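Taking it in order: structure first as structure tokens, then the write-up.
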Amino acid sequence: MEEQVKKSLFSAVQPSGSVTIGNYIGAIRNFSKLQDEYNCIYAVADLHAITVPQEAAALRKNTLELMALFLASGIDPNKCVLFVQSQVPAHCELTWVLNTITYPGELSRMTQFKDKSAKHAENVNMGLMDYPVLMASDILLYQAALVPVGADQKQHLELTRDLAIRFNNRYGQTFTVPDGYILKDSGAKIMSLADPSKKMSKSDDNANAFVTMSDDKDTVIRKFKRAITDSDSEIRYAPEEKPGVSNLLTIYHAFTGKSIADCEKEFAGKGYGDFKMAVGEAVADALAPIQAEKARLLADKAYLNGVMKQGAESAFRIARKTLSKVYRKVGFYSGD
Ligand code: ATP
Ligand code: LTN
């Protein structure tokens, strides 16, 4: 009889600043929903974070905060492997090998590289260019079949597939070729509150453009009150025509679980002021228990350290198998 083996799934988020409700809706909140169906491996991608300037103390703080947020949003460290990327050296080791089958042109044409080099013109470094190869290593080390990410990461995933196929062709079957995984309900891309034609991003210079997972109730409500809508007064979902209002409806839907149609009905005949207030309240109410749980976890550093240690050990056990196979295939002498 054939045994049903669970597929492996890998994803990561960078500890590069305060996590926004966009990161949460598009990525993090989905992670815990996948943990029963798949072998889930989730990382805090601190090696990726240093490809743009980071302050050491802030990076350490953001790493702990992101770990606590992962746990507070329902990831169970006994069901998943949850770890900090820099604590598992295999990620850098595989990156070196994959670098030798990657062409510079493949990396210099990546949209994220072009955007981030324009934004950090004073620090266009090799790490920024190599970012996608490190990301490919993350995924391939765990033989992940699926990678849940937002649409902005599609190009990186394509490169990961190309590198896996190229290595397998050159050295024999070694890596699982992964697929992207977009959850049915999470196609949602959350847009900036200040300019609904741009995605909500934690590195936006305008703090009113995003709501972070740690904003308090007053801040959340203030930011929604200021959110850009339009001069019309109809609360209707029409992303092209009414991007601001549609974005607020998407956020309301994501945090309340009500369908978009029900949300439209709920606000029929009401003004934008009431609508924005209701969205702000719904978001603040949804964030409150996550913030409380996160604060509780952050106060228990010994527990967090333990989770990270256990996670790094489990990750290392899986990663080591793939890395040994790679080292053997490329001809590194191991002594046995
Ligand atoms: P940065 O502004 O530093 O580039 P970011 O806010 O875009 O960061 P990342 O750490 O690059 O966030 O992304 C983490 C995850 O969140 C990814 O899977 C990404 O696709 C998803 N994500 C980021 N922004 C949004 C958004 N506005 N809506 C939905 N998902 C998002
Ligand atoms: N680049 C990703 C974060 C990331 C990632 C990964 C996502 C690093 N390594 C491996 C999926 C799989 C981002 O979301 N910005």
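Please indicate, with yes or no, whether at least one residue in segment 257-270 is under 14 Å from K225 (Cβ atoms), modelled with pLDDT of 95 or more and surrounded by 15 or more Cβ atoms within 10 Å (Cβ to Cβ).
There is no residue in segment 257-270 that is under 14 Å from K225 (Cβ atoms), modelled with pLDDT of 95 or more and surrounded by 15 or more Cβ atoms within 10 Å (Cβ to Cβ).
Return yes when L47 is in contact with a Gly (Cβ under 9 Å, 6 or more places away or on another chain) and modelled with pLDDT of 95 or more and no when it is not.
The answer is yes for L47.
Sort through K301, K325 and tell me the only one that's in contact (Cβ under 8 Å) with a residue 40 or more places away in the chain, loosely packed, with under 13 Cβ neighbours inside 10 Å and among the basic types (K, R).
K301
Among the listed residues A288, A254, A282, A278, which satisfies the condition of being at pLDDT below 95, out of contact with any strand residue (DSSP E or B) (no Cβ under 7 Å at 6 or more places or on another chain) and part of a helix (DSSP H, G or I)?
A254
For G311, which of the numbered conditions (1) of a type in the set (G, A, S); (2) within 30 Å of P89 (Cβ to Cβ); (3) modelled with pLDDT under 95 fails to hold?
Here G311 clears every test but (3).
Only strands (runs of 3 or more DSSP E) wholly contained in segment 1-86 count here; list those with 3 or more residues that are within 14 Å of ligand 1 (Cβ to nearest atom).
Ranges flagged: 8-13, 39-44.
Can you go through D162, D205, D215 and tell me which one is among the acidic types (D, E), within 12 Å of ligand 1 (Cβ to nearest atom) and either within 30 Å of C40 (Cα to Cα) or not in a strand (DSSP E or B) (or both)?
That would be D205, the only listed residue that is among the acidic types (D, E), within 12 Å of ligand 1 (Cβ to nearest atom) and either within 30 Å of C40 (Cα to Cα) or not in a strand (DSSP E or B) (or both).
In this structure, does D195 turn out to be within 23 Å of Q153 (Cα to Cα) and at pLDDT 95 or above?
Spelling it out, D195 is indeed within 23 Å of Q153 (Cα to Cα) and at pLDDT 95 or above.
Just name the residue that is farthest from M200 (Cα to Cα) out of those in segment 122-147 that are in contact (Cβ under 8 Å) with a residue 40 or more places away in the chain, in contact with a helix residue (DSSP H, G or I) (Cβ under 6 Å, 6 or more places away or on another chain) and not in a helix (DSSP H, G or I).
Y142
Identify the residue in segment 20-58 that is touching a residue at least 40 places away in the same chain (Cβ under 8 Å) and away from ligand 2 (no atom under 15 Å from the Cβ) and, among all such residues, is nearest to P132 (Cα to Cα).
Out of the qualifying residues, it is P53.
Going by what's in this entry, would E234 be described as assigned to a loop (DSSP other than H, G, I, E, B), more than 23 Å from the chain's Cα centre (by Cα) and of a type in the set (D, E)?
yes
When both residues are 6+ apart or on different chains and their Cβ atoms are under 6 Å apart, which pairs have a first residue that lies in segment 1-19 and is among the polar types (S, T, N, Q), and a second that is modelled with pLDDT under 90 and within 16 Å of ligand 1 (Cβ to nearest atom)?
Pairs found: S18/K202.
For residues that are surrounded by 14 or more Cβ atoms within 10 Å (Cβ to Cβ) and aliphatic (A, V, I, L, M), scanning just segment 91-123, find the one that is farthest from V326 (Cα to Cα).
Among residues in segment 91-123 that are surrounded by 14 or more Cβ atoms within 10 Å (Cβ to Cβ) and aliphatic (A, V, I, L, M), the one farthest from V326 (Cα to Cα) is M110.
Can you confirm whether segment 205-220 contains a residue that is buried (at least 18 other Cβ atoms within 10 Å of the Cβ) and within 16 Å of ligand 2 (Cβ to nearest atom)?
yes
Restricting attention to segment 71-106, which residues are farther than 24 Å from T51 by Cβ and touching a Cys at 6+ places or on another chain (Cβ under 9 Å)?
Matches in segment 71-106: I75, K79, C80.
The values are calculated or read from the model by the stated rules, or taken from the named source; none is laboratory data. All figures in this text were calculated on a predicted structure; none of them were measured in a lab. With ideal geometry, Cβ positions are generated from the backbone for all residues, glycine too; neighbour counts draw on all protein chains shown.
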